[in-house]
Every structure is written in C-alpha cells, then in structure tokens.
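**Q** Handing you a structure now.
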Ligand SMILES: C[S@@+](CC[C@H](N)C(=O)[O-])C[C@H]1O[C@@H](n2cnc3c(N)ncnc32)[C@H](O)[C@@H]1O
C-alpha cells in the first residue's frame, strides 16, 4: 500500500516551525513549497480567524471518493494557499481524476471534466442518486469471487455502473484504474484486509458538492474553451515518463504524449492572456519547465512511503506552475 505524506521541512524560525507542525496535526496541514534550489517555506495563513480558504477544507468528508493514480490528496491540505486571493469566478478542473483539489477548494460553481467517460458518468450518477449507490455498495461483500464476478459485468443503469466502479476501485490492486484494449477494466483483486467499500457520509458530501458542478467527458482543451477573465483553472495532467520508473506514469504516457504536454502549455498561455488564474501540477523536469516561460515556478516536495520497501522511500519533488502568486510563497519566474 502506498502511504504518502507531504514533507514538512524546516522553515523560518523555530517558533514558526512549531506552529506549522501543530497545524499539521490538526485540520490545516501545510505543504512545503521549494523553488528551484532555494528553499521557500509556506507560512501559516495570515488571517487570525478562520479564512474562507481554511473553511473550505475543514469538512473531513471533503475528500476524494476514489483512489486515483496521480491523485493530489497529499496536496489538498495546501489548498488554502493555491486559491488565488482575488478569485471570484468559476472553478475549472479539466483533468479531474479523483478530484482531490476540487473537493478541497469546494467552489461555488465548477466545470469538471476528464477524458475517462466511465469516471465522469460515475460522478454524474453520484450527483443525481447517492442513496441508490450507497444502498448498492452496502450490499456488496468483500471477497475475490464477488470481485471477479462484478468485474465481468457491464451494468447499464447509471447508479449500478457507478457502484461497480466505486467497489472495484476500493477493492482492486492499489486502486489502479486499468483497462484492456477493448476498454474493459482488468485490474486484479487487491490485498486489502478490510477496505472501506461504502463511506456513506463521504459519498453524500461529494454528491452535494458535485451538485454545484457541470460534469463533462472530453479533452482538456475543449473543457476550457469558455473560460473567462477571473476564472480559476487547475490542470493536473498525466505526467511525462522518463523521470521515474513508476509504472502508472509509463501507462499514462500512451494516453498523454509529449505533444499533449506542449498543447497544454499553449492552452495555459492562452488562458493567461485571457485573464484567468492558471495553476498546473507537473513533473519536475527541465523540458516541462521550459514550456512555461513567464510563469512562476514552485517545487513541492512530499515523502513517499512505499509499504515495507525501505529502498523506495524518499522525497519526491513535483512542480507547480502558476500565473499568480501562491499565498505566502516566494516564486521564481521562468525565463
Ligand atoms: C493525474 S490524473 C488527475 C488526478 C486528480 N488531480 C486527482 O486528484 O485525483 C490525470 C487525469 O487526466 C485524465 N486525462 C488524460 N488525458 C486527458 C485529456 N486529453 N483530456 C482530459 N483528461 C485527460 C486521466 O483520465 C486522469 O484521470
């Protein structure tokens, strides 16, 4: 099982560090952002009371309902810093996946999309009929025989389809969404002893939040066609390969090529000209950074604890690119 925590490196004075650690233990867990080379700490939110940003992420159920390769739950605690200070428009997340940042930001109006139609259909079904899905999941036992029997089925009713996806996601190997050439889900049964198959309150909360969103199954470029000045767009594409041996990323490369990365950068530059707030997560790779001239660059480090395999433990650096200032963080502008 992969356990991840956002690293908490030393920053500022000892008193500031202690404050950060205390907050991490509570609801507000700071991330640590580093710009290339120079360490830049994130300081606690300046507002003394509860800011809108903090309130947005304090509901414990405001978490993804799916495990997703490349999921950003580890970054979600830093959501208060990612939200543009003056943002009042619509929220866009064109590479939705598990939607960790969407659930953490909890926007009033959102457009959410993903290429994966089955995934988007599941969110639509959850938005429309959470009770049906909860009832279905409660009836599903956790065993290998049932897993393979459900995996082999193709229910038509939207709620049944969604319940199937949620069940398989919770009980399959590492929560990996993998399909064969015909598009059939083919991940084997996982090794979880007692997985949470039905977290009713989390599903209900997700359904509530999804009711404020338009859900689309389409390519990212089409999703952002109507973005206006003042809207906030968060892109979390599949990462490029080559910088890591992670099998998920290799798999994604077939779906999201280098020319897609270049296309994404062109789209981001276009949105910047349009006056939207743009934030992109990506792999820490010089070729990627080169695509975003004029954007601010942050490096986000997190620890990855891979089960009992001590060799694979370590700090992983990913980057954030933005055309606005992340609250409390210094940045380097890419030249
Ligand atoms: C890294 S994942 C997003 C993870 C998400 N941020 C989370 O927290 O779970 C990337 C997502 O992009 C989707 N995707 C791949 N190519 C796409 C495209 N051309 N347009 C839209 N979505 C795409 C994949 O289906 C996948 O769900």
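The values are calculated or read from the model by the stated rules, or taken from the named source; none is laboratory data. No experiment lies behind these values; they were computed from the predicted model shown. Quick reminder, even Gly has a Cβ in these numbers, built from the backbone with ideal geometry, and neighbours come from all protein chains shown.
**Q** Which fully enclosed helices (runs of 4 or more DSSP H) of the range 185-268 have 2 or more residues being modelled with pLDDT of 95 or more?
**A** Details: elements: 200-210, 220-223, 247-255.
Per the criteria, 200-210, 220-223.
**Q** Note down all Cβ pairs under 6 Å where the first residue falls in the range 215-233 and is within 16 Å of residue 280 (Cβ to Cβ), the second is part of a loop (DSSP other than H, G, I, E, B) and more than 15 Å from the ligand (Cβ to nearest atom), and they're at least six residues apart or on different chains.
**A** Going by the 6 Å Cβ cut-off, the qualifying pairs are 227/276; 231/89; 231/90; 231/276; 232/84; 232/87; 233/276.
**Q** How do the pairs read when you match residues in the range 72-87 that are within 22 Å of residue 272 (Cβ to Cβ) and within 11 Å of the ligand (Cβ to nearest atom) with residues anywhere that are modelled with pLDDT of 90 or more and assigned to a loop (DSSP other than H, G, I, E, B), using Cβ under 7 Å and keeping only pairs 6 or more apart or on different chains?
**A** Correct list of pairs: 72/236.
**Q** Among 178, 164, which is more than 27 Å from residue 90 (Cβ to Cβ) and touching a residue at least 60 places away in the same chain (Cβ under 8 Å)?
**A** The conditions single out 178.
**Q** Looking only at the range 124-141, decide whether some residue is assigned to a loop (DSSP other than H, G, I, E, B) and at pLDDT below 95.
**A** No, because not a single residue in the range 124-141 is assigned to a loop (DSSP other than H, G, I, E, B) and at pLDDT below 95.
**Q** Go through (1) within 16 Å of the ligand (Cβ to nearest atom); (2) at pLDDT below 95 for residue 166 and report which single condition fails.
**A** (2)
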